[in-house]
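The values are calculated or read from the model by the stated rules, or taken from the named source; none is laboratory data. This structure is a prediction, so every number in the text was calculated from the model and none was measured. Backbone-built Cβ (ideal geometry, glycine too); neighbour counts: all protein chains shown. All accessible areas refer to the heavy atoms of the entire protein, side chains included, with ligands and DNA or RNA removed. Shrake-Rupley method; radii C 1.70, N 1.55, O 1.52, S 1.80 Å.
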Amino acid sequence: MKTLTLMSAMIVAVAAGCATTPVADHCAGKLDRNLAAAIRDVETRLDTGCEYHFDTYYQDLLEVARAAPDAQNKNLFSDFLVRASDSGVITKRQAKEKYNRYFAVKYISFTGDYNTCAQACPNQAQVMADMRTELLDKQKGLLEASEDKQGYYRADHLLKETQLVLEATCRACQVSGSF
């Protein structure tokens, strides 16, 4: 019995010696409430191996901006995305799409050089659903983060116009047998 207790004590001692102290994850942690400071923090994290957290950081930065809306926030996001692209964290195309999705009136979910009758009309419901989802993102960026009410309402109006034009176009395509 004494041998068993001694052996148990040795196992516990060895196991305790193997235990490691948890290391703080430098990719995690709250961001500053000031958008410029939060962006600097994110850029430091991105430069030190946290590139795979980019999308999470972007959403976190949007929340920081929404908590303190300001017209200047659009410029801060634009500059941040340019630097992220220049450093290779994201591509120039991704940077442009991120910015336009949240801070521009035009839609990225319905762009391209394709035949509307053949490609958009068969997927009309999905195209419009994608645009409505994008309008929610524009609400976060234009309206809530940068207080650009005029830009947001222009985007909302563009969505409604697009829906009308797409419906009319698809009816015309159907009549002409183009799809």
Original post:
Taking the Cβ-Cβ separation of Gln174 and Gln119 as r and a Förster radius of 22 Å, what is the calculated FRET efficiency to the nearest 0.05?
Top reply: 0.95
Original post:
Tell me, in nm to one decimal, what length is gained between Thr44 and Arg93 on full extension, where the rule is 0.36 nm per residue of separation less the Cα-Cα distance?
Top reply: 15.4 nm
Subject >> Amide H within-cut-off set for Asp32, under 5 Å, with H built and near neighbours excluded >> reply: Ala38
Original post:
What's the carbon and sulfur percent of segment 84-125's accessible surface, probe 1.4 angstrom, rounded to a whole number?
Top reply: 47 percent
